[in-house]
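Structure first, commentary second.
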Amino acid sequence: MSALILALDATSRDEAMAIAESTAPYLDAIKIGYPLVLSAGLSVAGEIAALGVPVIADFKVADIPNTNTLICDQVFKAGCSAIICHAFPGRDSLLACVESAHVHGGECFVVCEMSHPGGAEWFSGGVAEAFCRMAVAAGADGIIAPATRPARVAALRAIIGGKKIYSPGVGAQGAAAEDVKELVDGVIVGRAIYTAADPAAAAKEYAQRCR
Ligand code: 3DU
C-alpha cells in the first residue's frame, strides 16, 4: 500500500489548478516542477497548497551549497512541503538542501536512480547505492527510485531502511502501481492522470490501485 502523488506537469496555471481541484480528494500530494512553475510562476505552489494538498517541488536541485540553499529557501517560503534534489554535486550540496528543508519544517528527497531507459546508464554500477548512502548520511527524508525497475527499488530499500521512497514511472512510462506499491511509500503518476479525459476518475482509480 502506498500514497498517490500526482506529477502535475501541466503548463498552464488555469489548467493545472482545475486538475488539482478535481483530483485533490484522491491524492496524498502534488509534485510540481519546471513545466508548471516556468509557465505559472512559483506562486502556484501556494495556490495548490491552499487546497489542502502537500506540494513537493521537483526541481532536482544540483548546484553549489549556497545556491542550493537559496533555491530551497524560496521553495519552502512559497508553501512547498518537500524538495527533490540530486546527489551527484556532492555531500555538502546535498546537506544544504536537507538543512534548508528541515529549517522550514519540510522534507528533502534525493534522486538515487531515474526511471527512464537512460536512467540505467549513469545511475548503475553502484552509483545509486552510493547516492542512497549519501542520502542516509545527510539525514534526507527519502529517495526517488524507479517504478520501471522494481528489483532496483528493492535493492535500494535495503540500504535506506525506513526512509521514504517515492517512485515515478507508473502509467505513461509503462510501470503499474502494483509493481511497486508494496515496496514504496508513494507512487508518482503524471500523464496517466493529468492528460486523462477525466483526471478525477483517473486519480480515483490510481488511488484504489495503490491500496
Ligand atoms: O511519466 P509521468 O508523466 O508519469 O511523470 C513522471 C514525473 O516524475 C515527471 O514529473 C518526471 O519529471 C518525474 N520523474 C521521473 O519521471 C523519473 C525520475 O527518475 C524522476 C522524476
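What follows draws every value from the coordinates through simple rules; no lab data is involved. Just so it is clear, the structure is predicted and the values come from calculations on it, not from any experiment. When we count neighbours, we look across all protein chains shown, and the Cβ atoms used for this are built from the backbone with ideal geometry, even at glycine.
Structural remarks
- Within the set 204, 181, 164, the sole residue that is surrounded by 21 or more Cβ atoms within 10 Å (Cβ to Cβ), within 22 Å of residue 30 (Cβ to Cβ) and of a type in the set (Lys, Arg) turns out to be 181.
- With respect to the conditions (1) near the ligand (Cβ under 10 Å from one of its atoms); (2) small (Gly, Ala, Ser); (3) buried (at least 21 other Cβ atoms within 10 Å of the Cβ), residue 186 falls short on a single one, namely (1).
- Sole residue being within 11 Å of the ligand (Cβ to nearest atom) and without any contact (Cβ under 8 Å) to a residue 40 or more places away in the chain, chosen from 145, 155: 145
- Failed condition for residue 104, given (1) closer than 21 Å to residue 159 by Cα; (2) surrounded by fewer than 20 Cβ atoms within 10 Å (Cβ to Cβ); (3) in contact with a Lys or Arg (Cβ under 9 Å, 6 or more places away or on another chain): (1)
- Residue 203 being touching a Leu at 6+ places or on another chain (Cβ under 7 Å), part of a helix (DSSP H, G or I) and farther than 20 Å from residue 84 by Cα: yes
- Among the residues of the range 122-132, at least one is within 11 Å of the ligand (Cβ to nearest atom), more than 25 Å from residue 26 (Cα to Cα), out of contact with any strand residue (DSSP E or B) (no Cβ under 7 Å at 6 or more places or on another chain) and among the aliphatic types (A, V, I, L, M).
- Of all residues in the range 123-140, those being out of contact with any helix residue (DSSP H, G or I) (no Cβ under 8 Å at 6 or more places or on another chain) and under 30 Å from residue 104 (Cα atoms) number 3.
- The number of residues in the range 21-39 that are more than 16 Å from the ligand (Cβ to nearest atom) and touching a Gly at 6+ places or on another chain (Cβ under 9 Å) comes to 1.
- Subset of the range 72-93 [out of contact with any Pro (no Cβ under 9 Å at 6 or more places or on another chain) and more than 12 Å from the ligand (Cβ to nearest atom)]: 72, 73, 74, 75, 76, 77, 78, 79, 83, 87, 88, 91
- Flag for residue 42 being within 26 Å of residue 94 (Cβ to Cβ), among the aliphatic types (A, V, I, L, M), surrounded by 17 or more Cβ atoms within 10 Å (Cβ to Cβ) and away from the ligand (no atom under 15 Å from the Cβ): yes
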